[in-house]
Each structure stands twice: as C-alpha cells, then as structure tokens.
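Take a look at the structure set out below.
Taken together, the values in this text are just the output of simple stated rules run on the coordinates, not laboratory data. As the structure is a prediction and not an experimental result, all values here were calculated from the model. Cβ atoms come from the backbone with ideal geometry, glycine included; neighbour counts cover every protein chain shown.
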Amino acid sequence: MTPDHMENGRWYTAEDIPTFKIAEDGTIDYATFSGYRRYSAECHVCHGPDGEGSTYAPALKNSVQTLDYYKFQEIVASGKQDVNTSANLVMPAFGTNKNVWCYIDDIYVYLLARGVGDLPRGRPAKKEAKSDDFTAQENSCMEG
C-alpha cells in the first residue's frame with residue numbers, strides 16, 4: 001500500500017486505491033487523521049475503539065487486510081447480513097449517511113494503517129494540516 005500520488009488531499013497507490021502516509025517522525029497525513037475521527041464518531045460503537053472489534057462486531061482493522069477496497073465500500077454502503085441458526089450479525093447500510101460516506105476513504109486508510117501495525121491505538125499525536133484540496137472535496141460532498 002505504498003503511497004504514489006495525492007489527489008484531493010488524499011494519498012493513493014499507483015493502482016488508485018486510497019492509502020495512508022506516515023512520516024518518519026510519526027506525523028500522519030490528514031486523511032488518516034480524519035478517518036480516525038470519523039471512525040471514532042460513527043463506527044466504534046459496534047466495532048470497538050481503534051478498529052479492535054467487540055463482542056458485537058468484528059475488528060475492522062483485520063477485515064481490511066482480507067477485504068479489497070471495493071468490497072469494503074460495498075459492505076459499508078449496502079450493509080451486510082449473516083443470519084443463521086448460530087449467528088445474527090446485521091450491519092446497517094451507511095451509503096446515505098454523509099458523515100460516513102463522504103469520509104469512506106479516510107475511514108478505510110485509518111483502518112488499514114491500524115491493521116498493518118503502522119498506527120498505534122489512540123488519537124494520533126501528530127497530523128499534517130488540512131489542505132485546501134481536502135476542504136474543497138469535503139465541502140462538495142457534504143453540501144451535495
């Protein structure tokens with residue numbers, strides 16, 4: 001998941017998959033910090049703090065290691081049900097929740113950084129400044 005280029009204030013791989021970038025001094029890119037904030041606001045209730053999972057829902061920091069980016073988006077947008085005689089797991093759809101969907105790439109890269117072990121638990125200590133490009137894309141999504 002090597003960062004190759006930046007677009008709209010977010011890092012992407014050469015294959016145009018969102019990724020994170022952490023400097024040698026531990027400073028994270030703003031999108032990863034944004035992902036931490038959005039995950040903490042919207043996802044941690046079921047999936048536990050820092051993507052660690054809970055008795056109710058799986059550890060998403062592990063899920064992003066086995067799910068590709070597009071499957072992750074599909075599950076978040078449409079939800080998921082695994083109901084049978086031994087399980088009753090239901091994740092609601094978040095595709096219309098702007099507080100999730102406008103930041104889906106940020107949540108993904110935050111969980112990816114947690115999953116590969118490059119980002120420790122808790123609020124990241126150092127972050128890059130929010131860029132004008134990030135702000136413009138964020139405003140466009142939230143207002144649209």
(message) Pick from Glu74, Glu24, Glu52 the residue whose mean-square fluctuation is largest in a GNM of the chain, springs joining Cα atoms under 10 Å.
(response) Glu24
(request) Sum up the lysine pairs in the chain that clear both bars: alpha-carbon distance under 17 Å and a spacing of 8 or more or different chains. (result) 6
(request) Give me the percent of DSSP beta bridges within the chain that run antiparallel, rounded to the nearest 5. (result) 90
(request) Sum up the charges of everything whose Cβ sits under 11 Å from the Cβ of Ile22, counting Lys and Arg as +1 and Asp and Glu as -1, but leave Ile22 out. (result) -2
(request) Show that you can apply the helix-only estimate: for the chain, add -39,500 (n - 2.57) for every DSSP H stretch of four or more residues, divide by all residues, and state [θ] at 222 nm to the nearest 500. (result) -12000 deg cm²/dmol
(request) Find how much the distance from Glu52 to Ala23 grows on full extension, using 0.36 nm per residue of separation minus their present alpha carbon separation; answer in nm with one decimal. (result) 8.1 nm
(request) Add +1 for every Lys or Arg and -1 for every Asp or Glu among the other residues with Cβ under 9 Å from the Cβ of Ser40, and state the total. (result) +1
(request) Determine the sum of side-chain charges near Lys130: Lys and Arg each +1, Asp and Glu each -1, restricted to other residues whose C-beta is under 13 angstrom from that of Lys130. (result) -3
(message) Need the C-alpha centroid separation for segment 109-125 versus segment 9-49, integer Å.
(response) 7
(message) Restricting to Cα pairs below 8 Å that are 6+ residues apart, what does the relative contact order work out to for segment 27-143? Please round to a whole percent.
(response) 36
